[in-house]
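Below is one structure; the comments refer to it alone.
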Amino acid sequence: MFTESTNIGPFLLTILLVGIGTGILSIFCYIPGIIFAFFTVFAPLRALERGEGAVDAIKGSFDMVMSNVGQVLLVVLVSYLVYYVGALACGVGLLVTAPIALIAICWSYRVINGEPVAP
């Protein structure tokens, strides 16, 4: 469960490494950056929930996404579409749509792991 805050260090380091990796790969061409971001979508959640190190969380996210590419692709595309719709309203819509998209990604993380979505 996401109730403990003892995993904030690995969580922040994972976010930093995913951001740097996506940024560096996007410099060369957008496609590698998008692919890396797609495969690491669950890395911060793994680091926060399980306390995994950044590299282990990224590897675990790659494994999770590779095992469920179709499902994850659908959730990520819908989430990005929701983000985009919120951004169309001069960014103000993101106050509503960003949490909805994040909840969808967290929900898919739980479902893929076979964990209960609600307590």
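At-a-glance table
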quantity: Qualifying positions in the stretch 13-48 - of a type in the set (V, I, T) and either over 11 Å from the mean Cα position of the chain (by Cα) or farther than 19 Å from V111 by Cα (or both); calculated: T14, I15, V18, I20, T22, I24, I27, I31, I34, I35
quantity: Residue that is farthest from the chain's Cα centre (by Cα), among those in the stretch 49-61 that are assigned to a helix (DSSP H, G or I) and among the acidic types (D, E); calculated: D56
quantity: Matching residues in the stretch 76-94 - criterion: being free of Cβ contacts under 8 Å to residues at least 24 places away in the same chain and of a type outside the set (A, V, I, L, M, F, W, C); calculated: Y80, Y83, Y84, G86, G91, G93
quantity: Scan of the stretch 62-97 for residues that are among the aliphatic types (A, V, I, L, M), surrounded by 16 or more Cβ atoms within 10 Å (Cβ to Cβ) and either outside any helix (DSSP H, G or I) or within 14 Å of the chain's Cα centre (by Cα) (or both), ordered by number; calculated: M64, V65, V72, V75, V76
quantity: Residue that is in contact (Cβ under 8 Å) with a residue 24 or more places away in the chain and among the polar types (S, T, N, Q), where the choices are T14, T97; calculated: T14
quantity: Residues satisfying the stated conditions in the stretch 55-75, i.e. free of Cβ contacts under 8 Å to residues at least 12 places away in the same chain and of a type in the set (A, V, I, L, M, F, W, C); calculated: V69, L74
quantity: The stretch 98-119: number of residues that are of a type in the set (F, W, Y) and over 16 Å from the mean Cα position of the chain (by Cα); calculated: 0
quantity: Test result for G33, in a helix (DSSP H, G or I) and under 23 Å from E115 (Cα atoms); calculated: no
quantity: So V41, is it buried (at least 19 other Cβ atoms within 10 Å of the Cβ) and in a loop (DSSP other than H, G, I, E, B); calculated: yes
quantity: Among the residues listed as T14, T22, the single one being surrounded by 20 or more Cβ atoms within 10 Å (Cβ to Cβ), in a helix (DSSP H, G or I) and either at pLDDT 95 or above or not aliphatic (A, V, I, L, M) (or both); calculated: T14
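The values are calculated or read from the model by the stated rules, or taken from the named source; none is laboratory data. No experiment lies behind these values; they were computed from the predicted model shown. Positions of Cβ are backbone-derived with ideal geometry, glycine not excepted, and every protein chain shown enters the neighbour counts.
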